[in-house]
Each structure stands twice: as structure tokens, then as C-alpha cells.
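Below is one structure, written out as C-alpha cells; the observations come after it.
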Amino acid sequence: QVQLVESGGGLVQPGGSLRLSCAASGSIFSRYAMGWFRQASGKQRELVAIITRGGSTNYADSVKGRFTISRDNAKNTAYLQMNSLKPEDTAVYYCNAGGLEGVYWGQGTQGTVSS
């Protein structure tokens, strides 16, 4: 099993930045593809970005050019750097780990973009 703990959420003004972290424990981190999802109030959870075990990345169209996903296998941590934030980026952000052993979720961290 994998335990995931997100951190780094908070309140930021439009145009600002946040960096989310996802610390993993309990299994070999490098075996898993890592993803960030978000769920805004009243909406379905959606994929934001994903990074494969080999480091390939993919992004939702709404965040391309603004968000960057990365991973540090030595630190068992995945990151989501979010720049040029917009009010519509306000959501609970969830970390996800997917591999042959299963799919795991963190508890989420709130990111709010407001002036």
C-alpha cells in the first residue's frame, strides 16, 4: 500500500503561484505513475496533470503552460507547481498514485485563488 499526504495549499491572489507537494510512503515510489486531480465545489473531480514512472508528463488543456508536474524519486515526493493562477483554479487538489499494486489517493489540499 501507499500512503499519500498533500501539502502546500492555501489562499493566493489571481496571477500568483502555489507549489503543492505529495509525500508518499509505504511502498516503492518509483513504481508508480503520479497524478494531480482537482475537484471544485459542485463539480466532478478532474485530472490536472500526470507524470509517468519514466518522467513523461501530460496536462489538462486548462492548465497547459501554467502548471508543471514533477517528481523526486529520492525524496518519494511529487510536486505541482502552479503559476498564473486564476479564480477558476480554486479547488481541492488530490494526489494520486497508480501502479500494478493499485490506485491510491491523498486526503486533498485546498487551493483558493481570490482577491
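Using a Cα-Cα cut-off of under 23 Å, which lysines could be cross-linked to Lys43, ignoring same-chain neighbours fewer than 8 residues away?
Lys64, Lys86
Pop a pseudo-label 7 angstrom from the Cα along the beta-carbon direction at both Ser56 and Ser114 and give the gap in nm to one decimal.
Label at Ser56, label at Ser114, 4.0 nm between them.
How big is region 76-115 on each of its three principal axes, counting only the C-alpha atoms and giving the largest first in Å?
Per principal axis, max minus min of the Cα coordinates gives 42, 16, 14 Å.
Return the distance in nm (one decimal) between the two label points of a simple spin-label model at Ser70 and Ser17, each offset 7 Å from Cα along Cα→Cβ.
With each label placed 7 Å out from Cα toward Cβ, I get 1.0 nm.
Evaluate Rg over Rh across region 1-65, taking Cα atoms for both radii and Kirkwood's formula for Rh.
That ratio is 0.98, to two decimals.
Per residue, how much space in cubic angstrom lies within the convex hull of the C-alpha atoms of the chain?
Cα convex hull per residue, to the nearest whole number: 91 Å³.
Just name one of Phe37, Cys22, Asn76: the one whose Cα is farthest towards the positive end of the charge dipole of the chain (beta-carbon charges, Lys/Arg +1, Asp/Glu -1).
Projecting each Cα onto the dipole axis, the largest value belongs to Asn76.
Computed from the coordinates by the stated procedures, all read-outs in this text should not be read as laboratory data. Being a predicted model, the structure only gives us computed values, none of them experimental. FYI the Cβ positions are ideal-geometry reconstructions off the backbone, even for glycines, and counts take in every protein chain you see.
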